[in-house]
Amino acid sequence: MHEARLLEIRNLSVAFADAEQDILCLDRISLDIRAGEILGLVGESGCGKSTLCRAILRSLRAPAYIAGGRIFWKGRDLFQLDEEGLNKVRWREIALVVQSSLDALNPVMPVERQLVDAMRVHTDWTRTQELTRCHELLDWVGLPRRVLKSYPFEMSGGMRQRVVIAMALALEPQLLMMDEPTTALDVVTQAEILGRLRDLQEKQGFSVILVTHDLPLALDFCDSIAVMSGGRIVEMETAGELAENPLHPYTVRLLQAFPRPDAERLSENPLR
Ligand SMILES: Nc1ncnc2c1ncn2[C@@H]1O[C@H](COP(=O)(O)OP(=O)(O)OP(=O)(O)O)[C@@H](O)[C@H]1O
Ligand SMILES: [Mg+2]
């Protein structure tokens, strides 16, 4: 596991065009994702996490533009692909659950139509194949089959989030990027969804980039963590190493921002 490099990002810079002076928002980012790896991307609001996800899919919107660097996907230069080549990679090979995707479902379409639409753009599956995959997807994310007939407004936030993740998994991508997928959910639902995803990832071996503000959550779920600050990666380590031995002052502050009830502190508690 973890040998083959899927994604290689080299000195990637992204800027926003501005009348006065263009503003650099990603500053020479370099990072690798191997097959089967779960990477957490953490950092304060506005540090560039969503911009990085969009740059990987080459779906930046003006005034943002690539100001430098390269991205290789399975050895191919993503910046050299034409629109057709890129469309083969998007969804089929790399899927993105966008930030605020809870609101991204079509409110007037039942779940089945939305899942099937995601498949139809890229496959010529028969109706039976589509339905089989719909059922598999619901099983994977832990939803009952009757949900296929439901509309988004009939479901809770946790259920809608599962549908959105199911849509991203519809074509069994090799890399699943999730931009703050569980921020709006309570911690129990959040843990349930991520637990299921982890089981599925272990079976299917896809890679994951999980974007979050929540460093303890990332430490729990991810193999390795990239900490971003001000458009740069300031630290990158395995989750275990980062938790034990954070090097960058920003990482230390992030860790201190969340109370962690560890054994040592509990034993120091005079009330015990
Ligand atoms: N259309 C735009 N024009 C100019 N600047 C932008 C635009 N979109 C984003 N930015 C800037 O780019 C930077 C990175 O934004 P991005 O959305 O990637 O941050 P983020 O890390 O995902 O934040 P959050 O955790 O709040 O989602 C921010 O400073 C933001 O102000
Ligand atoms: Mg964001």
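The values are calculated or read from the model by the stated rules, or taken from the named source; none is laboratory data. Keep in mind that this is a model prediction, so the values were computed, not measured. No Cβ is skipped: glycine too gets one built from the backbone with ideal geometry, and neighbour counts run over all protein chains shown. Remember, those area values only see protein heavy atoms, side chains included, never the ligands or the DNA or RNA. Shrake-Rupley method; radii C 1.70, N 1.55, O 1.52, S 1.80 Å.
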Average Cα contact separation per residue, the chain, under 8 Å, 6 or more apart, as relative contact order %: 25
Structure-based [θ]222 nm, the chain - -39500 (n - 2.57) summed over DSSP H runs of at least 4, per residue, nearest 500: -10500 deg cm²/dmol
Rounded accessible area per residue of the chain, 1.4 Å, Å²: 50
Cut-off under 5 Å, modelled amide H: who pairs with M228 long-range: V42, G43, V234
Highest average packing first - 220-226, 183-189, 53-59, Cβ atoms within 10 Å: 220-226, 53-59, 183-189
Region 179-188 - phi-based ³J(HN,Hα) in whole Hz, Karplus 6.51/-1.76/1.60, Gly and Pro as x: 9, 6, x, 10, 4, 7, 9, 5, 5, 5
Chain lengthening between A184 and A19 when straightened (0.36 nm per residue, less Cα-Cα): 55.8 nm
Those aspartates and glutamates that a straight Cα-Cα span of less than 13 Å connects to K149, excepting residues fewer than 8 apart in one chain: E112
Packing-based ranking, highest mean first, of 24-33, 232-241 given that Cβ atoms within 10 Å are counted: 24-33, 232-241
Mean-position separation - Cα centroids, region 154-225 and region 4-27, in angstrom: 26
Counting DSSP beta bridges with both ends in the chain, the antiparallel % (nearest 5): 55
The chain - percent of accessible surface contributed by carbon and sulfur, probe 1.4 Å: 51
Segments 41-49, 247-255, 127-135 sorted - mean Cβ within 10 Å per residue, highest first: 41-49, 247-255, 127-135
Computed over region 94-172, Kirkwood Rh from alpha-carbon pairs, angstrom: 12.4
Hits among aspartates and glutamates - C-alpha to C-alpha of K203 under 18 Å, sequence gap 8 or more where chains match: E3, E37, E93, E136, D139, E172, E192, D223
Eligible lysines near K88 by straight Cα distance, threshold 22 Å, same-chain separation 8 or greater: K74
Extension gain (nm, one decimal) between R76 and W125, 0.36 nm per residue minus Cα-Cα: 14.9 nm
Theoretical FRET efficiency, 1/(1+(r/R0)^6), r = Cβ-Cβ of L86 and V108, R0 22 Å, to 0.05: 0.15
